Amino acid sequence: MKVGAVGIANNHALDFREKALDFGEKALDDTLEVLKDAGIAAAGAGFGHDAAYAAAVVPAADLRVGLVAVTDHPAEYLAAPERWGARSRACSMTLRPCC
């Protein structure tokens, strides 16, 4: 079985911002790049609203399956224009940024 998509809006998606793990924004970017290179789609975090709020859509047999991932992190950890972050649970029903 091949993994086609993962949700990365979780309580560790933004560890790169923790003082003890001060890797900068490069850590999330690196994670997304590794997933992309492996052919694995990601949903739930990224740079800006468009990336963080995009669903991952992958083929499964003769279907296409979509994945959205959300988190309940405080606003300072959520994606915003020109800022890395995760997708807000509060906005999960709109499929658009609401923050």
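Assorted remarks:
- Criterion applied to A51, A42, A69 was being surrounded by 16 or more Cβ atoms within 10 Å (Cβ to Cβ), part of a helix (DSSP H, G or I), among the small types (G, A, S) and at pLDDT 85 or above, and the one residue passing it is A51.
- Residues (touching a Leu at 6+ places or on another chain (Cβ under 9 Å) and small (G, A, S)) located in the range 30-71: A41, A42, A43, G44, A45, G46, A51, A52, A55, A56
- Search result, residues across the range 1-18 that are buried (at least 17 other Cβ atoms within 10 Å of the Cβ), modelled with pLDDT under 70 and within 13 Å of the chain's Cα centre (by Cα): A13, L14
- Matching residues, the range 80-99, being modelled with pLDDT of 85 or more, part of a loop (DSSP other than H, G, I, E, B) and either surrounded by fewer than 17 Cβ atoms within 10 Å (Cβ to Cβ) or of a type in the set (G, A, S) (or both): P81, E82
The values are calculated or read from the model by the stated rules, or taken from the named source; none is laboratory data. Since this is a predicted model, take the numbers as computed values, not measurements. Using ideal geometry, Cβ is built from the backbone for each residue, glycine included, and neighbour counts are taken over all protein chains shown.
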